[in-house]
Amino acid sequence: MSPPIAKEVMITEVHCAYEGWSIQRLDHFLKRYGLAQVPVIASDHQLVGSVGSTDIHQLTHLDETYRAQMINDNFRRSTGHDMDNLDELSQWTRRASVYCTVHQIMNSDVPALDELTSIDKVRRTLKTEQLDVIWLTRNGLLSGQIKAHQLL
């Protein structure tokens, strides 16, 4: 008999954020579902990061110069040009949560393992990394999660 693997106990219904969402949309999503942190996926469901309420808090408390730079970066990505009107940029900066995306504030270092990983390795990873949850992938695509309390 082979040792149990993560796929056998993982939860497959995982709330996740899309990297192109606005920060405002992410904030509403986290509050609606009572979540502190979620995995971030690209349009092809590739797991690309994680993001949470602390990342939103950090954005809102960044110096205005940094928020303006983030908005200009996003504007440049969308249009191919810098935002030249400084008054308009200043106005947009006050509403950074509308104009910045999840991709700009997410952590790309994401706690993830392949879904075929042994349960023993999942336990060790949760313990050594001091995690409450680990996300599981199949060929880089998000497939599920295991929370630490599941393995107790």
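The values are calculated or read from the model by the stated rules, or taken from the named source; none is laboratory data. The structure displayed is predicted, hence computed values, not measured ones. Because the Cβ atoms are built from the backbone with ideal geometry, glycine has one as well, and the counts that use them run over all protein chains shown. Keep in mind that these areas ignore ligands, DNA and RNA; they rest on the heavy atoms of the full protein, side chains included. Shrake-Rupley method; radii C 1.70, N 1.55, O 1.52, S 1.80 Å.
For the range 89-116, the set of residues classified as over 12 Å from LEU47 (Cβ atoms) and open to solvent by less than 30 Å² (accessible area, probe 1.4 Å) consists of LEU89, THR93, ALA96, CYS100, THR101, VAL102, ILE105, listed by residue number.
Quick check on ASP114: is it in contact with a helix residue (DSSP H, G or I) (Cβ under 7 Å, 6 or more places away or on another chain) and acidic (Asp, Glu)? No: the conditions fail for ASP114.
Restricting the range 8-42 to residues that are more than 13 Å from the chain's Cα centre (by Cα), assigned to a loop (DSSP other than H, G, I, E, B) and touching a residue at least 12 places away in the same chain (Cβ under 8 Å), the residue that is farthest from VAL122 (Cα to Cα) is THR12. Residue check: is GLN58 open to solvent by 30 Å² or more (accessible area, probe 1.4 Å) and closer than 26 Å to GLU129 by Cβ? Yes. Of the residues making up the range 43-62, at least one is farther than 21 Å from GLN145 by Cα, of a type in the set (Ser, Thr, Tyr) and outside any loop (DSSP other than H, G, I, E, B). Of all the numbered requirements in (1) open to solvent by less than 90 Å² (accessible area, probe 1.4 Å); (2) under 25 Å from LEU126 (Cβ atoms), SER2 misses one, and that requirement is (1). Among the criteria (1) touching a residue at least 24 places away in the same chain (Cβ under 8 Å); (2) within 20 Å of VAL38 (Cβ to Cβ); (3) in a loop (DSSP other than H, G, I, E, B); (4) of a type in the set (A, V, I, L, M, F, W, C), the one LEU116 does not fulfil is (2).
Restrict the check to the range 122-129 and report whether at least one residue is closer than 30 Å to SER78 by Cβ, surrounded by 17 or more Cβ atoms within 10 Å (Cβ to Cβ) and touching a residue at least 40 places away in the same chain (Cβ under 8 Å). Show your work before the answer.
If we filter the range 122-129 for residues that are closer than 30 Å to SER78 by Cβ, which is where we start, we get none.
Looking through the range 122-129, none of the residues is closer than 30 Å to SER78 by Cβ, surrounded by 17 or more Cβ atoms within 10 Å (Cβ to Cβ) and touching a residue at least 40 places away in the same chain (Cβ under 8 Å).
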